[in-house]
Amino acid sequence: MEKLRFFALLVVLAFPLEAAEVGRTAPGEVEVTLGSWKLEGGFVKVYGSVRNGNRLPISGQVRIEYLDADGKTIRLGDDGSDSVPFYAPIAPGETGYFYRPRDVAKLSSRVAGVKVGLLYAVPEEKSPVALFSGTKWSVKDGLAFEGKVRNTGNTPCRMPSVAAVMMKGGKPVETSEPSLGPDELLAGQELGFRHETMAPPGIDAVSFVLDCSPLTFPR
């Protein structure tokens, strides 16, 4: 993988929520932080983190705005924004992550900056909870990682995958999300994972998160 080319834009932006979104927003604080973005392979790739300050796990989406050289929002459809689900669920007091690639051919201007913020968050009364053990990672020709994950929550994790979030200086700069294989990781069930992938130079940490399909959480 060629050397990363990105600007680290440290932005925490709280977007005003529309009335329909307010009812879905978890009580308490949800902090969204942009980690990094880069232009690579014809895409704008945005990486960031979500801190859950609520008493319950959350699922939801992050809003992304792309800025031109004058700092103006590049229009995308009617609302001038883009959105992506964050890896969910995020347990109380924990940090989750998100990743969004956007085809530059679909943008009317060259991207010179990015802003991120919370679109909405949903409190999950019933939720999978990930407990990782035996995790290892190493970087040589690429990133190799392995470990085990147990669902200690009170409901299955549907369409489970493990997201390995590669960090540099405390900021996410790349992700890899291999599937765990089965359609469900049942409550109390443990599965092992092992994967190899390309990695950017200079990563100094890897965070592991369990990603489940939030549309299937019972509510």
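The values are calculated or read from the model by the stated rules, or taken from the named source; none is laboratory data. Here the structure is a predicted model, which means the values were calculated and not measured. A quick note on method: Cβ atoms are made from the backbone with ideal geometry, for glycine too, and the neighbour counts reach across all protein chains shown.
A few notes on this one:
- Selection count where residues are closer than 30 Å to Asp82 by Cβ, surrounded by fewer than 21 Cβ atoms within 10 Å (Cβ to Cβ) and of a type in the set (Asp, Glu), scope the range 113-165: 1
- Comparison of Arg51, Arg63 shows that the only residue that is on the phi < 0 side of the Ramachandran plot, at pLDDT 95 or above, in a strand (DSSP E or B) and among the basic types (Lys, Arg) is Arg51.
- Of the residues making up the range 136-148, just one is farther than 14 Å from Val206 by Cβ and part of a strand (DSSP E or B), namely Lys148.
- Within the range 203-219, if we keep just the residues that are in a loop (DSSP other than H, G, I, E, B) and in contact (Cβ under 8 Å) with a residue 60 or more places away in the chain, the residue that is nearest to the chain's Cα centre (by Cα) turns out to be Cys212.
- Residue within the range 175-191 that is part of a strand (DSSP E or B) and either acidic (Asp, Glu) or on the phi > 0 side of the Ramachandran plot (or both) present: yes
- Flag for Ala121 being in contact (Cβ under 8 Å) with a residue 60 or more places away in the chain and within 30 Å of Gly71 (Cβ to Cβ): yes
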